[in-house]
Amino acid sequence: MKILVCISHVPDTTSKINFTDNNTKLDAAGVQFIIGPYDDYALARAIELKEANPGTTVTVLNVGTADTEPTIRKALAIGADDAIRVNAEPVDSFFVASQVAEHAKGFDLILMGRESIDYNSGVVHAMVGDLLGLPSVSPVMKLDIEGAKVKMTREIEGGKEQVEASLPLIAGCQEPIAEWKIPNMRGIMSAKTKPLKVAEPVTVAASVALSKFELPAPKGAVKMIPADAVAELVSKLKNEAKVL
Amino acid sequence: MSALVFIETSEGKAKKSSQEALCYARALGGPVTAIVLGPADAAGLQDLGKYGASKVLHAANPKLEQGVIQAYATVIAKAFADENADVLVLANSSLATPVAAKVAIKSGASFASNVVELPDTGNGFKVKRSIYTGKAFCWQELKNAKKVLVIKKNAAEVTESGSAATITPYEVALTDADFNTTILSSEKATGHVLLPEAEIVVSGGRGMKGPEHWGILEDLAKVLHAATGCSKPVSDIGWRPHHEHVGQTGVKVAPQLYIAVGISGAIQHLAGVNSSKCIVVINKDPEAPFFKAADYGIVGDAFDVVPKLTEALKAAL
Ligand SMILES: Cc1cc2nc3c(=O)[nH]c(=O)nc-3n(C[C@H](O)[C@H](O)[C@H](O)COP(=O)(O)OP(=O)(O)OC[C@H]3O[C@@H](n4cnc5c(N)ncnc54)[C@H](O)[C@@H]3O)c2cc1C
Ligand SMILES: Nc1ncnc2c1ncn2[C@@H]1O[C@H](COP(=O)(O)O)[C@@H](O)[C@H]1O
């Protein structure tokens, strides 16, 4: 079986977000970039499937500039066999989906995260599904392959549903589909020589254009209320904040 | 600017989030058509007029009773073309967001999700989106003639004006390819306020010490008609179900009031709550980082403060 895992390269979850260049660019100073946390679940499940099914290969794909290569190497260190980097700024979901669709042909299982944590769109899997005419399911908490069928648990508002589809298939993953894997020394060493192919992007007409970034208005100071004065809190919520 | 709005129903009525989508579309200024898929009752459909729909397309095909994403996308894309609408508006959900993405592909439309307010149409069509899990926003111009917008909670205010809508049955031929996924079964918490839609959320962290102590949070939630939420470790250890976990890797809530009890306020948790209008933090540690993100804070023991707060609310509400 051939598995493709699409990974995004995003600021670490603890990052404070700031912008430069007149609010048109992310300020990368002091920001550490990681494999998207949901993409890490996708990768972990792919490696589990590889370990359980001899002959399975795992390829990682990222759409990004050369800056993302350390993130891609980390995925190789975790256990992917080879990698493709589509050499382009991931400008919007449709652009990324078009690039993924170009390279996803021939794979049996295409795993992604439920969403990237920069733009949080949660749509690349659905778009690739439509572009390739393949089923796409997200967010998937459990995924098991039974012959040509795939059984999945998908989270929905206030609960979950059991979904079945056939391979080839696209799934957007989230916990607890698998435990995150941490690269070991041998993985880190071997990652250096694993193949990382750089591909040029296919041309896609831009359908959206960034105007500017904006930060939320700063929060006012907290008002502390003594623990024995809960009635005061109730009155403030009613009359001051007007939320009751 | 004519708009088509996808309506999700719950017990025959449009969900609050879909009412918001209708009001958002009405504010765009042109005619609004709503589309409902699967069995629905006539009164519920006519009611959509109150929120701005002049016409309701009803695709009553029983095969659409379950929310099969591909089939929904086929029907809505066809309606988007048939109605010659400029904008398709949907409220964010586990069904609507992937459907929207597929319709955008099928229609050659510009796509934006997590839209937080009405567009700026002064020069082009610009939308404001929430990004970095609520830590920032961006303005994007949608360049294509057709646009698909997935809106976040509170992107528009729900107000009633208008009259009953005309209902038009709507049929689209569906093929096996539209049912490329099969929903075998589903389970949903019933009788509870759903977390993503809740106006008030009572949330507990590891400071609650164990699942057996959730009763005091449930009592508080009950007097407030609130949903209950939790921090990630709480769902990881299995004290609460996964779908209740709030934050960067969980549900992003946007209630009027978020009450956090025994939660330290890690940045990943805050990422899921920063769209709340008012935040109350109850924590025994005065140095807990959550206080910096709060509007009101009480330093105290949850087991002492929460029952007292419940009693005070019972007396006041
Ligand atoms: C990639 C990544 C993603 C993450 N995503 C999320 C996410 O989506 N959501 C999330 O919540 N976390 C997330 N986390 C985890 C996050 O970093 C914190 O570990 C977590 O939020 C802490 O949970 P907590 O506040 O319940 O527990 P703790 O940090 O242990 O805090 C418990 C708090 O309870 C207080 N307390 C103890 N006893 C009492 C008492 N009797 N009365 C009152 N207060 C009391 C303590 O003072 C303390 O502040 C993520 C982490 C990573 C690395
Ligand atoms: N630049 C990218 N390169 C490769 N995969 C990506 C990229 N951006 C997003 N993805 C994948 O698509 C999923 C959904 O992303 P999104 O729709 O942007 O929230 C992510 O979890 C990744 O698996």
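Restricting attention to the stretch B:98-139, the residues being open to solvent by 10 Å² or more (accessible area, probe 1.4 Å) and at the interface with chain A (Cβ under 7 Å from one of its Cβ atoms) number 10. Take the residues in the stretch A:2-26 that are within 13 Å of chain B (Cβ to nearest Cβ) and within 10 Å of ligand 2 (Cβ to nearest atom), then tell me which one is surrounded by the fewest Cβ atoms within 10 Å (Cβ to Cβ). Going through the qualifying residues, I end up with A:Val10. Among residues of the stretch B:237-270 being of a type in the set (Gly, Ala, Ser) and closer than 19 Å to A:Glu157 by Cα, the one that is farthest from the other protein chains (Cβ to nearest Cβ) is B:Ala254.
Restrict the check to the stretch B:276-296 and report whether at least one residue is small (Gly, Ala, Ser) and in contact with a Pro (Cβ under 8 Å, 6 or more places away or on another chain). So far as the stretch B:276-296 goes, yes, one or more of its residues are small (Gly, Ala, Ser) and in contact with a Pro (Cβ under 8 Å, 6 or more places away or on another chain). Among the residues making up the stretch B:281-305, a single one is more than 30 Å from A:Lys16 (Cα to Cα) and either more than 9 Å from chain A (Cβ to nearest Cβ) or of a type in the set (Gly, Ala, Ser) (or both): B:Phe303.
Total residues in the stretch A:71-103 satisfying the condition of being free of Cβ contacts under 8 Å to residues at least 60 places away in the same chain and assigned to a loop (DSSP other than H, G, I, E, B): the figure is 1.
Exactly one residue out of B:Ala136, B:Ala109, B:Ala165 is without any contact (Cβ under 8 Å) to a residue 12 or more places away in the chain and not assigned by TED's automatic domain parsing to the domain that holds B:Ala266: that is B:Ala136.
Looking only at the stretch B:183-204, count how many residues are under 24 Å from the mean Cα position of the chain (by Cα) and open to solvent by 40 Å² or more (accessible area, probe 1.4 Å). Walk me through how you get there before you give the answer.
Looking only at the stretch B:183-204, we keep the residues that are under 24 Å from the mean Cα position of the chain (by Cα), and these are B:183, B:185-204.
So of that shortlist, the ones also open to solvent by 40 Å² or more (accessible area, probe 1.4 Å) come out as B:185-194, B:196-197, B:199.
Count: 13.
Here A:Ala97 meets each of (1) near ligand 2 (Cβ under 9 Å from one of its atoms); (2) facing chain B (nearest Cβ under 7 Å); (3) out of contact with any Phe, Trp or Tyr (no Cβ under 9 Å at 6 or more places or on another chain) with one exception, condition (2). B:Ala59 meets all of the listed conditions (1) out of contact with any strand residue (DSSP E or B) (no Cβ under 8 Å at 6 or more places or on another chain); (2) more than 10 Å from chain A (Cβ to nearest Cβ); (3) among the hydrophobic types (A, V, I, L, M, F, W, C) but one, namely (1).
Report whether or not A:Ile34 is part of a strand (DSSP E or B) and either touching a helix residue (DSSP H, G or I) at 6+ places or on another chain (Cβ under 6 Å) or surrounded by fewer than 23 Cβ atoms within 10 Å (Cβ to Cβ) (or both). Break it down stepwise before answering.
On the way: part of a strand (DSSP E or B): yes; either touching a helix residue (DSSP H, G or I) at 6+ places or on another chain (Cβ under 6 Å) or surrounded by fewer than 23 Cβ atoms within 10 Å (Cβ to Cβ) (or both): yes.
Yes: the conditions hold for A:Ile34.
Within the stretch B:169-197, the residues that satisfy the criterion of being β-branched (Val, Ile, Thr) and either within 8 Å of chain A (Cβ to nearest Cβ) or under 30 Å from B:Gly229 (Cα atoms) (or both) are B:Thr181, B:Thr182, B:Ile183, B:Thr190, B:Val193. Restricting the search to the stretch B:248-272, which residues are in a loop (DSSP other than H, G, I, E, B) and within 16 Å of ligand 2 (Cβ to nearest atom)? Scanning the stretch B:248-272 gives B:Gln248, B:Thr249, B:Gly250, B:Lys252, B:Ala271, B:Gly272.
Do we find a residue being over 21 Å from A:Asp130 (Cβ atoms), in contact with a helix residue (DSSP H, G or I) (Cβ under 9 Å, 6 or more places away or on another chain) and in the same structural domain as B:Ala164 (by TED's automatic domain parsing) anywhere in the stretch B:59-74? Lay out the reasoning, then the answer.
To start, the set of residues in the stretch B:59-74 that are over 21 Å from A:Asp130 (Cβ atoms) comprises B:60, B:62, B:65.
Filter once more, keeping what is in contact with a helix residue (DSSP H, G or I) (Cβ under 9 Å, 6 or more places away or on another chain): none.
Looking through the stretch B:59-74, none of the residues is over 21 Å from A:Asp130 (Cβ atoms), in contact with a helix residue (DSSP H, G or I) (Cβ under 9 Å, 6 or more places away or on another chain) and in the same structural domain as B:Ala164 (by TED's automatic domain parsing).
Quick check: anything in the stretch B:80-89 closer than 23 Å to B:Ala198 by Cα and surrounded by 21 or more Cβ atoms within 10 Å (Cβ to Cβ)? The answer is yes, given that some residue of the stretch B:80-89 is closer than 23 Å to B:Ala198 by Cα and surrounded by 21 or more Cβ atoms within 10 Å (Cβ to Cβ). The set of residues in the stretch A:2-17 that are more than 13 Å from ligand 1 (Cβ to nearest atom) and at pLDDT below 95 comprises A:Lys16, A:Ile17.
If I filter the stretch A:39-58 for residues that are assigned to a strand (DSSP E or B) and buried (at least 16 other Cβ atoms within 10 Å of the Cβ), do I get at least one hit? Yes.
Residues that are facing another protein chain (nearest Cβ under 10 Å) and not in a helix (DSSP H, G or I) do not occur anywhere in the stretch B:306-314.
The values are calculated or read from the model by the stated rules, or taken from the named source; none is laboratory data. Since the model is a prediction, treat every value here as computed from it, not as a measurement. Cβ coordinates were reconstructed from backbone atoms using ideal geometry, including for glycine residues, and neighbour counts include every protein chain displayed. Note: accessible area is taken over every heavy atom of the protein model, side chains too, but ligands, DNA and RNA are not part of it. Shrake-Rupley method; radii C 1.70, N 1.55, O 1.52, S 1.80 Å.
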